[in-house]
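Every read-out reported here was derived from the displayed coordinates using simple, explicitly stated rules and does not represent laboratory data. Since the model is a prediction, treat every value here as computed from it, not as a measurement. We place every Cβ from the backbone using ideal geometry, glycine too, and count neighbours over all the protein chains shown.
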Ligand code: ADP
Ligand code: ZN
């Protein structure tokens, strides 16, 4: 059996599964202090005999291969987790091989191995939720530079009718600052789910997401671009984003079928845990 931990900033999901991605049991609980949270992780896995484990963690995390602090959470606003050596603690407690990457890379791995990307050689998974992040998997391997990417923080051209200054504490009007769930809420004073019928909201949202996707597409040329996360529950965004993307691309690169390029996830909300299994399998 393989262990999976989706270590999110607000909740942890722990699961056990098979190498084929089947989930056999799972549990979820809120993320509190590291000590308390890891105690619950141990309690869940103590019922099982697991060979190895994969973790998709909230970030930023240290993934610099040559670092003494590889696998530690870095400078997060969640103070008790700041510089917490998550990988080291898990290895110590379970004494099995543990693979760690970002939560969005885990989702990308899940879709690549078991979901909508399983016949593709590269896929980019983008999550549009509390934050915006993207992870590229190519030939079964997560893309890794010196550390993990932060593709949510690309700078965009403002929509001419948008006077919101942007909510990113570092950049103001980067993609995350303009288009993540909290940015929508800050701009309109209401949550995205309550704005379902406001066409203008989604026009602006699609405008920003399409711009970022254009940038990712020309830089990385992924075979599949998968859009997930809470904000993408507004399904009307998919056709709007595709249309805007094709308009911005303006024929520069031939795209045979944009409906197959820019897609919804294939695993509902399970790409994260299943991706953790996939990460463990590569270890
Ligand atoms: P997280 O990013 O924290 O893992 P989610 O992917 O669920 O969590 O994203 C949460 C964000 O998505 C919140 O900002 C929330 O307002 C927004 N959201 C959730 N459901 C919807 C919806 N149906 N329509 C628009 N926005 C939504
Ligand atoms: Zn930013």
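Side notes on the structure shown:
- Cα-derived Rg over Rh, computed across segment 117-165 with Rh taken as Kirkwood radius: 1.10
- Three-way shape call for segment 116-263 based on the alpha-carbon gyration tensor, with the a/c threshold at 1.5: prolate
- For the chain, built as a Gaussian network whose Cα springs stay under 10 Å, the top-fluctuating residue of 226, 105, 204: 204
- Overall form of segment 198-272 per C-alpha gyration tensor (a/c, 1.5; a/b vs b/c): oblate
- Between segment 75-126 and segment 183-223, the alpha-carbon centres lie 25 Å apart.
- GNM top mover of 73, 253, 116 - the chain, alpha-carbon springs below 10 Å: 253
- Based on Cα contacts under 8 Å between residues 6+ apart, segment 116-263 shows a relative contact order of 26 percent.
- The overall shape of segment 64-178 is oblate: from the C-alpha gyration tensor, with semi-axes ordered a ≥ b ≥ c, the ratio a/c is 1.5 or greater and a/b is no larger than b/c.
- Share, in percent, of DSSP beta bridges within segment 116-263 that are antiparallel, nearest 5: 60 percent
- Residue-averaged [θ]222 nm for the chain, counting only DSSP H segments that reach four residues, each worth -39500 (n - 2.57): -10000 deg cm²/dmol
- Beta bridges per DSSP with both ends in segment 1-84, % antiparallel, nearest 5: 70 percent
- Projection of the Cα convex hull of segment 1-119, averaged over all directions and equal to a quarter of that hull's surface, yields 7.4 nm².
- Proxy reagent accessibility, fewest Cβ within 10 Å first, across 55, 218: 218, 55
- Beta bridges by DSSP in segment 39-152, antiparallel share as percent, to the nearest 5: 65 percent
- Debye equation applied to the C-alpha atoms of the chain, log10 I(q)/I(0) at 0.15, 0.16 Å⁻¹: -1.13, -1.26
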